[in-house]
Amino acid sequence: MANNTKADYLKRLRRIEGQARGLQRMVEEEKYCIDILTQIAAMKKALEAVALGLLDEHMAHCVAGAVRAGGDEADLKLKEAGDAIARLVRS
């Protein structure tokens with residue numbers, strides 16, 4: 001993972017962390033349920049964006065490199081990526 005990308009991911013994750021704290025406050029303050037659900041949807045979308053970025057990088061670097069090298073490592077990386085995609089789709 002490149003340093004710029006790492007910094008971007010950390011920035012996004014800190015923002016998501018702030019959203020989670022905001023959600024806790026909203027629940028504590030008994031805010032309107034629809035407003036809380038709207039914030040949950042926004043947080044979920046932000047997490048999905050991080051996940052897709054990480055997956056894209058993994059495919060472009062780790063998986064592509066393993067496929068070029070061939071052998072058992074390629075099969076393992078492809079299966080690992082497929083499993084990760086399946087988890088994302090199910091969530």
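Can you pull out the residues in the stretch 28-57 that are of a type in the set (V, I, T) and closer than 16 Å to L88 by Cα? Lay out the reasoning, then the answer.
Step one: filter the stretch 28-57 for residues of a type in the set (V, I, T), giving 34, 36, 38, 40, 50.
Within the stretch 28-57, V50 is the sole residue that qualifies.
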Just give me the residues in the stretch 1-13 being at pLDDT 95 or above and of a type in the set (A, V, I, L, M), in sequence order. L10, L13
Which residue, of I40, I34, I16, is at pLDDT 95 or above, over 17 Å from the mean Cα position of the chain (by Cα) and of a type outside the set (G, A, S)? I34
Just checking, which of E48, E57 is exposed (fewer than 13 other Cβ atoms within 10 Å of the Cβ) and in contact (Cβ under 8 Å) with a residue 12 or more places away in the chain? E48
Report those helices (runs of 4 or more DSSP H) wholly inside the stretch 16-91 carrying at least 2 residues which are within 19 Å of K6 (Cβ to Cβ) and of a type outside the set (S, T, N, Q). 33-58
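The values are calculated or read from the model by the stated rules, or taken from the named source; none is laboratory data. Computed from a prediction, not measured in an experiment: that's the story for all the values here. Using ideal geometry, Cβ is built from the backbone for each residue, glycine included, and neighbour counts are taken over all protein chains shown.
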